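Written out below as structure tokens is the structure these notes cover.
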Amino acid sequence: MSQKRIGVIGGDGIGPEVVAQAIKVLSAATGGDAFVFTQLPWGAEHYLQTGVTVPEGEFERWRREFDAIFLGALGDPRIPDMRHGRDILLGARMRLDLFINMRPIKLLDTSLTPLRDRAPEDIDYVIFRENTEGLYVGMGGQLRPGTRHEVATSAMIATYRGTERIVRAAFDHAVEHDLGRVCLAIKHNAIPHAHGLWNRVFQEVRTEYPTIDSSQLYADVAAMELVRDPTRFDVLVTSNLLGDILSDLAAQTVGGLGVAPSGNIHPGQVSLFEPVHGSAPDIAGQGKANPLAAILTAAMMARHLGYGEDAGRIERAVQMLIREGVTTPDLGGSETTVSAGDAVCRRL
Ligand code: ATP
């Protein structure tokens with residue numbers, strides 16, 4: 001298999017600490033030179049020193065020079081408006097058209113779930129959140145701002161093309177990974193125009209996948225079902241805002257921020273992978289950060305780039321570690337960021 005070129009943005013806070021462990025584990029799992037890593041300096045420190053968040057032409061360079069981008073975390077108390085985070089992360093999502101936000105929800109060990117009587121085989125599904133449209137496009141405005149007569153609007157955008165491609169991606173994923181069920185979670189009862197379009201597109205696309213058991217739930221019902229009976233899900237596809245909320249809820253049912261990976265994906269093009277957690281400035285530089293979310297994110301990236309077997313080995317090693325209680329303090333153990341990374345390497 002050809003060598004994979006990864007652009008690495010350690011970013012802010014605990015980002016560089018967890019990224020170092022993820023790279024160490026990925027290199028150990030794949031034998032050293034299957035992946036080449038290029039460090040990119042973008043983050044709070046670079047912005048504060050130079051005034052540049054991300055240089056002109058950078059996203060186009062990523063398309064040319066990298067197979068994927070691996071990001072630690074962005075966020076720094078010195079930049080309260082998150083200007084650099086917006087430019088880098090939202091810039092990448094939009095300019096690279098990363099229309100799938102993919103969030104695997106997999107319980108690695110019973111000890112990690114707050115749900116009663118749930119075993120790892122009960123919670124294993126993936127959320128496909130639309131990542132470029134919906135309420136997060138920033139369209140809208142204010143009238144009479146700062147007065148008691150202020151009016152504010154935020155437009156929700158749904159396009160046929162944008163909806164069709166995320167729904168299709170969810171079905172394709174189900175077919176490729178032998179998953180039987182795709183469930184749509186939207187609110188077409190309350191949002192008849194934008195989510196009415198989602199509903200119609202889903203009905204159209206599902207007919208092309210007769211072997212997949214497709215269903216739909218109102219998003220509020222889906223939220224309840226993710227807690228009440230997570231066994232009923234294989235692939236859950238949803239809009240940007242709803243996916244943001246549902247995927248954080250789902251992540252908590254399998255252990256939360258310390259173990260939650262994610263990918264921002266455009267199939268066949270350079271995609272960006274990042275742990276769900278932020279820069280956690282409260283624990284940065286103390287060796288307390290849990291590197292498992294970043295390590296699982298590296299596994300997800302490896303699988304995406306065709307290294308599925310190595311990805312599986314990494315995931316099993318992480319699973320062993322959690323079962324043995326060899327974890328950082330957030331999961332009840334006494335390991336440091338580095339020693340937890342080393343422990344994963346030893347179990348490969
Ligand atoms: P940001 O603004 O960058 O999202 P944040 O601190 O508001 O940062 P997170 O970093 O996502 O939000 O996490 C909230 C809290 O969860 C952190 O302050 C930290 O205590 C804890 N936390 C997050 N990630 C980790 C991790 N990998 N290991 C240990 N604790 C973590």
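The values are calculated or read from the model by the stated rules, or taken from the named source; none is laboratory data. Just so we're clear, the structure is a prediction, and the values are computed from it rather than from any experiment. Cβ: placed from backbone, ideal geometry, glycine included. Neighbour counts: every protein chain shown. Only protein heavy atoms, including side chains, enter the accessible area calculation; ligands, DNA and RNA are left aside. Shrake-Rupley method; radii C 1.70, N 1.55, O 1.52, S 1.80 Å.
Of all residue pairs spaced 6 or more apart or on separate chains, those with beta-carbon atoms under 7 Å, a first member in segment 283-311 that is closer than 19 Å to V270 by Cβ and among the charged types (D, E, K, R) and a second member that is away from the ligand (no atom under 16 Å from the Cβ) and part of a helix (DSSP H, G or I) are R303/A311.
I'd like to check something: does segment 32-42 contain any residue that is among the acidic types (D, E) and within 20 Å of the chain's Cα centre (by Cα)? So far as segment 32-42 goes, no, none of its residues is among the acidic types (D, E) and within 20 Å of the chain's Cα centre (by Cα).
Residue under question is F66, and the condition is that it be free of Cβ contacts under 8 Å to residues at least 40 places away in the same chain and in contact with a Gly (Cβ under 8 Å, 6 or more places away or on another chain); does it hold? Steps first, please.
Values: free of Cβ contacts under 8 Å to residues at least 40 places away in the same chain: no; in contact with a Gly (Cβ under 8 Å, 6 or more places away or on another chain): yes.
Considered against the rule, which asks whether it is free of Cβ contacts under 8 Å to residues at least 40 places away in the same chain and in contact with a Gly (Cβ under 8 Å, 6 or more places away or on another chain), F66 comes out as no.
For E208, the stated conditions do not hold, so it cannot be described as part of a helix (DSSP H, G or I) and open to solvent by 20 Å² or more (accessible area, probe 1.4 Å). In segment 84-115, the residue that is nearest to the ligand (Cβ to nearest atom) out of those that are modelled with pLDDT under 95 and of a type in the set (K, R) is R86.
Only one entry of G85, G91, G72, G10 meets the criterion of being open to solvent by less than 60 Å² (accessible area, probe 1.4 Å) and either assigned to a loop (DSSP other than H, G, I, E, B) or out of contact with any helix residue (DSSP H, G or I) (no Cβ under 8 Å at 6 or more places or on another chain) (or both), and that entry is G85. Condition (residue is assigned to a loop (DSSP other than H, G, I, E, B), away from the ligand (no atom under 16 Å from the Cβ) and closer than 15 Å to A302 by Cβ) applied to segment 33-47: is it met by at least one residue? Looking through segment 33-47, at least one residue is assigned to a loop (DSSP other than H, G, I, E, B), away from the ligand (no atom under 16 Å from the Cβ) and closer than 15 Å to A302 by Cβ.
Only one residue in L321, L305 is open to solvent by less than 10 Å² (accessible area, probe 1.4 Å) and in the same structural domain as F70 (by TED's automatic domain parsing), so which one is that?
On the way: L305 fails: open to solvent by less than 10 Å² (accessible area, probe 1.4 Å).
Sole residue among the options that is open to solvent by less than 10 Å² (accessible area, probe 1.4 Å) and in the same structural domain as F70 (by TED's automatic domain parsing): L321.
Between T147, T110, the distinction of being among the hydroxyl-bearing types (S, T, Y) and open to solvent by 70 Å² or more (accessible area, probe 1.4 Å) belongs to T110 only. Residues considered: E56, E60. Of these, the only one that is away from the ligand (no atom under 16 Å from the Cβ), in contact with a helix residue (DSSP H, G or I) (Cβ under 9 Å, 6 or more places away or on another chain) and of a type in the set (D, E, K, R) is E60. Of the listed requirements (1) among the aliphatic types (A, V, I, L, M); (2) touching a strand residue (DSSP E or B) at 6+ places or on another chain (Cβ under 6 Å); (3) over 21 Å from V182 (Cα atoms), I127 misses just one: (3). For V270, the conditions (1) open to solvent by 20 Å² or more (accessible area, probe 1.4 Å); (2) in contact with a Phe, Trp or Tyr (Cβ under 7 Å, 6 or more places away or on another chain) are fulfilled apart from (1). Considering only segment 35-67, state which residues are touching a strand residue (DSSP E or B) at 6+ places or on another chain (Cβ under 8 Å), open to solvent by 50 Å² or more (accessible area, probe 1.4 Å) and within 15 Å of L96 (Cβ to Cβ). Scanning segment 35-67 gives a single hit, E65. Summed over segment 324-337, the residues that are buried (at least 20 other Cβ atoms within 10 Å of the Cβ) and free of Cβ contacts under 8 Å to residues at least 24 places away in the same chain give a count of 1.
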